[in-house]
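Notes for the one structure printed next.
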Amino acid sequence: MQKTSISLDIEQKSVNQAKGLIMDMVRGANSGHTGGPFSSLDFVYVLYKDFLKFDPKDSGWFNRDRFVLSAGHESALLYSILYFVGWLSRDDLKSFRQMGSKTPGHPERGLTPGVEATTGPLGQGVGNAVGMATAEAVLRNNFGNDVVDHFTYFLHSDGDIQEPVAMGAVAIAGHWGLGKLIGYYDANKAQISGKVDRSDSVDYVKFYDSNNWHVQEVDGQNREEIRNAIRLAQMEVEKPSIIIGHNVIAPGCASMEGDHNTHGAPLPKEEISNTKIKLGLDPNKFYHVSDDVLADFRESFDYAAREVDAWNHILKEKEKDSSFKNQWKAALNGDIPEIEWPSFNTGDTVATRKVWGAVIESMATKMKNLVGGSADLEPSNVTAGFASMVKDFSKGNHLGRNFAYGVREFPMGAINNGIAQHGGLKVFGATFFVFSDYERPAIRMRALQKLPVISEYTHDSIFVGEDGPTHQPIEHLMASRTIPNLLVLRPCDANEAVVASKIAFEQSELPSLVLLSRQGLPVLDRSIYPCAEEFRKGAYIISDYKPGKPEISIFSSGSEVSLALEVKESLKAQFNIRVVNFGCWELFDLQSDDYKNNIIHDDSFKVSIEAGITQGWEKYTGNCQSNALNIGINCFGESAPGKEVADYFGLNLQKIKEKITFSYHNR
């Protein structure tokens, strides 16, 4: 009994000192969140000290348990625990929310050791955790539970679960039976604008239960209840688990416990001093953690090291099997093996979306780490063949590699981000390009984190046709190009679509959008035009000037490239024209200055042709309206067959010829 008493004493001392760190960090930065970190602390402390499997010497050890702080605004909580672990220093805590620090306002993956996911936009971290648990299940069933066998934990707040992306991810996790996924809901009943019940009255016990989760409720300040709940959650193998910790915001504060104003602001200095006194801390000490607290927290590190050594030994033995070793290395490195890529015959007319199906089916048999799925558009996205080959990932089949996401673009995006964050798998998602609007927040987050997730977006322009303006992308292409660290790939024919797909799968740090057509496009004769591999330059001269003075350069992408070539052919007696295939602006911008200058800085009259808004083409055609013409669609589309819609908006040979001729002669 004496030992238990001492353990509880040091434990409470540890929690109290962590609260001291949180108050000091937020007050030192004069911004941040205090109340939520206080109410979530007991769970996170217990998790890291008693349950979370990790290598104290290597935060990237592959078989570690993952923890996602979906409530990213509670970053001061995570940093305080990472200081206990030893991955952050006291100076790191003192530079909380400052330029160049390892402790930014919201956790950033790749910047801070121990941060698995960049979080802050609420709800997405729940999806990331679902993705990590999905990746673990696929890899465990492929490589064996002796080398892949870990839990994924996440923490969400009241605000998190109000975001529909979190609800969608919860539904998918329950449907897939992710038994090694354990969540904690810090139900502290407060958010920035006041009490939660101002805006939400959902019964989350029933919500989780109805989505096939194992549900437990605990007192969020009772660490023994939390321990028991985690143990029970670990024993539940058929369902994901949620532990709902009932609490108040800012528990332990001297006079502001339960006050929603503690959510997003530093505590007043007097409140900090009084709270430290209440917690048995010295109010004149800042960023202070005693040696006995750190020693107690780290007492299991020797066991953790032995566990890592044992795992390394098992892996070394398994790698004596060359087949296992090759597949393991390929999975971890993201290598693409030798694949017989599809090719298409000159003169055929092929919708580039059909290329995607041929590509991923060719890859599926050679790459056991290829996974992905469509948001309920398998026939249209041409992923049905892949799904048939690799089978659905489901509660009864965690060997399946196709994800039947249903109509859930945003959860699909967040989950795919989590799969990439975990590592070991190549992942894609698919839907119509117009519905990238639903997924855009996840695309932004993957670009921020340099996650090589691929989105296959079909039906990429007004040539969608009869479905009308609700389904015709207009602003989407330019909007996608505005996101940093994102490749936007729009090939002009089937063979270029193969190259674009290869580029996307080759990336290790850049996400990609592969934009593909609904309508058939002519397969270009590459004995006349440059090799499709030239697409890798982002922009290339697909048909050059004839000898003499350059007069007109036509820049185009995707389905409009063949139209631009027709325009050149029709006007060749009047003008000396070249056509530049601008299939990926981002790749073009990576080329040498000499190469770029040769494309865009001659003295020709510049014309852009693209089935979308024209704003943005000025980057390459120039801002001088007298020496440039940007042809596109600056309004919403119409419902009619695709060709009729194109004719209506002047995207046909005759109308474009007239526009170019008139504009050139009236410069």
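The values are calculated or read from the model by the stated rules, or taken from the named source; none is laboratory data. The model shown is predicted, which means the values in this text are computed figures rather than measured ones. In this analysis, Cβ positions are derived from the backbone assuming ideal geometry, glycine residues included, and neighbour counts consider all displayed protein chains.
Give me the pairs: first residue in the range 80-95 and of a type in the set (Asp, Glu), second residue assigned to a loop (DSSP other than H, G, I, E, B), beta-carbon distance under 7 Å, and six or more apart or on different chains, which are they?
Between residues of the range 80-95 that are of a type in the set (Asp, Glu) and residues that are assigned to a loop (DSSP other than H, G, I, E, B), the close pairs are Asp92/Ser101; Asp92/Lys102; Asp92/Thr103.
Of these, Gly258, Gly280, Gly252, Gly245, which one is among the small types (Gly, Ala, Ser), farther than 24 Å from Gln162 by Cα and buried (at least 16 other Cβ atoms within 10 Å of the Cβ)? Break it down into steps so the answer makes sense when it comes.
Numbers: Gly258 fails: farther than 24 Å from Gln162 by Cα; Gly280 fails: buried (at least 16 other Cβ atoms within 10 Å of the Cβ); Gly245 fails: farther than 24 Å from Gln162 by Cα.
Being among the small types (Gly, Ala, Ser), farther than 24 Å from Gln162 by Cα and buried (at least 16 other Cβ atoms within 10 Å of the Cβ) holds for just one of Gly258, Gly280, Gly252, Gly245, which is Gly252.
Can you confirm whether the range 461-477 contains a residue that is within 20 Å of the chain's Cα centre (by Cα) and either modelled with pLDDT under 95 or not hydroxyl-bearing (Ser, Thr, Tyr) (or both)?
Taking every residue of the range 461-477 in turn, at least one turns out to be within 20 Å of the chain's Cα centre (by Cα) and either modelled with pLDDT under 95 or not hydroxyl-bearing (Ser, Thr, Tyr) (or both).
Could you check the range 135-147 and list, in sequence order, the residues that are touching an Asp or Glu at 6+ places or on another chain (Cβ under 9 Å) and surrounded by 23 or more Cβ atoms within 10 Å (Cβ to Cβ)?
Glu136
So how many residues does the range 188-205 have that are surrounded by fewer than 22 Cβ atoms within 10 Å (Cβ to Cβ) and within 17 Å of Ile244 (Cα to Cα)?
Within the range 188-205, residues that are surrounded by fewer than 22 Cβ atoms within 10 Å (Cβ to Cβ) and within 17 Å of Ile244 (Cα to Cα) number 9.
I'd like the residue in the range 628-667 that is of a type in the set (A, V, I, L, M) and part of a strand (DSSP E or B) and, out of all such residues, is nearest to Val434 (Cα to Cα).
Ile631
This table checks each residue for (1) within 28 Å of Ala171 (Cβ to Cβ); (2) more than 22 Å from the chain's Cα centre (by Cα).
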position	(1), (2)
Asn312	no, yes
Asp335	no, no
Gly347	no, yes
Ala358	no, yes
Asp376	yes, no
Phe403	yes, no
Phe410	yes, no
Gly429	yes, no
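For the subset of the range 530-546 comprising residues that are part of a loop (DSSP other than H, G, I, E, B) and buried (at least 21 other Cβ atoms within 10 Å of the Cβ), which member is farthest from the chain's Cα centre (by Cα)?
So, considering only residues that are part of a loop (DSSP other than H, G, I, E, B) and buried (at least 21 other Cβ atoms within 10 Å of the Cβ), the one farthest from the chain's Cα centre (by Cα) is Ala539.
Limited to the range 52-102, what total is found for residues that are surrounded by 17 or more Cβ atoms within 10 Å (Cβ to Cβ) and part of a helix (DSSP H, G or I)?
Qualifying residue count for the region: 16.
Among Ser553, Ser508, Ser517, Ser527, which is crowded, with 18+ Cβ neighbours inside 10 Å and in a loop (DSSP other than H, G, I, E, B)?
The match here is Ser517.
Looking for something of a type in the set (Gly, Ala, Ser), surrounded by fewer than 19 Cβ atoms within 10 Å (Cβ to Cβ) and touching a helix residue (DSSP H, G or I) at 6+ places or on another chain (Cβ under 9 Å) - is there at least one such residue anywhere in the range 438-458?
No - not one qualifying residue is present in the range 438-458.
Cβ contacts < 6 Å: first residue farther than 21 Å from Ala171 by Cα, restricted to the range 386-398; second residue β-branched (Val, Ile, Thr) and crowded, with 20+ Cβ neighbours inside 10 Å, any location; separation 6+ or different chain. Result?
Phe386/Ile360
Here is a check on your reading of the model: is Ser31 in contact (Cβ under 8 Å) with a residue 60 or more places away in the chain and buried (at least 24 other Cβ atoms within 10 Å of the Cβ)?
Numbers: in contact (Cβ under 8 Å) with a residue 60 or more places away in the chain: yes; buried (at least 24 other Cβ atoms within 10 Å of the Cβ): no.
The answer is no for Ser31.
If we only count helices (runs of 4 or more DSSP H) wholly inside the range 127-230, which ones have 2 or more residues that are more than 30 Å from Glu319 (Cα to Cα) and free of Cβ contacts under 8 Å to residues at least 40 places away in the same chain? Walk me through how you get there before you give the answer.
Numbers: elements: 158-162, 164-176, 204-210.
Those helices (runs of 4 or more DSSP H) span 204-210.
Could you tell me whether Ile542 is over 29 Å from His476 (Cα atoms), of a type in the set (A, V, I, L, M, F, W, C) and not assigned by TED's automatic domain parsing to the domain that holds Arg446?
Criteria not met by Ile542.
Looking at Gly347, Gly372, Gly406, Gly423, which one is in contact (Cβ under 8 Å) with a residue 12 or more places away in the chain and crowded, with 17+ Cβ neighbours inside 10 Å?
It is Gly372.
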